[in-house]
Amino acid sequence: MKIRGFLFIAICWIWIDSSHLGATSANVIPKDQQALIEGLCYSAMLSPAVKETWPDLRSFNITNVTGDNVGAFSKTEAVVGPGQCAVTVEVRTRQRGSATLTLIFEAEAGTRYVLRPVYRGNAIAATIQNSDTGEFVAKTWNFEKKKKAPRPETLLVRPGDLT
């Protein structure tokens, strides 16, 4: 019985000690400097609202956050400070397969961002949108058309113009 009690205490101590590892590895960002990136919140089963918008989505998890000033993050949200950051998400779908996507953007203090999957035909992509302004600050594809190079203009130089 004494061995079980000791083992129980040892396991509890290891569990408590390991629960602090994530908190100490992340920077503590002052509240007024924090920016929040919100992913999809769901439990083991996706909520009906998520299933309605993304019917074949199985998971959409934040797997890594790197950058100038990174705080704590989980599968569904991340706290960052101002500056450049990169958010990596792992997406799994029933029909479109799976993908690991990275979005890079400049976070602003006090701003809330929304991280969402986007279906593009048979491919899966992702965006980060400023929830206050609606502006897309990051996307995993480039939907702007490339401009054609301007036509070179002929330069006429007259003999008297060089002096």
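The values are calculated or read from the model by the stated rules, or taken from the named source; none is laboratory data. This structure is a prediction, so every number in the text was calculated from the model and none was measured. Note that we place each Cβ from the backbone using ideal geometry, even for glycine, and neighbour counts take in every protein chain shown.
Are there any helices (runs of 4 or more DSSP H) wholly within segment 1-78 with 1 or more residues that are aliphatic (A, V, I, L, M), buried (at least 16 other Cβ atoms within 10 Å of the Cβ) and modelled with pLDDT under 90, and if so which?
Result: 48-53.
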Enumerate the pairs (first residue in segment 97-110 and within 12 Å of ASN64 (Cα to Cα); second residue anywhere and acidic (Asp, Glu) and not in a loop (DSSP other than H, G, I, E, B)) with beta-carbon separation below 7 Å, excluding pairs fewer than 6 apart on the same chain, so at least 6 apart or on different chains. THR100/GLU90
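Here is a yes/no grid of residues against (1) at pLDDT 85 or above; (2) within 11 Å of the chain's Cα centre (by Cα); (3) assigned to a strand (DSSP E or B); (4) surrounded by 17 or more Cβ atoms within 10 Å (Cβ to Cβ):
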residue	(1), (2), (3), (4)
GLN95	yes, no, no, no
LEU101	yes, yes, yes, yes
ALA125	yes, no, yes, yes
ASP132	yes, no, no, no
THR154	no, no, no, no
ASP161	no, no, no, no
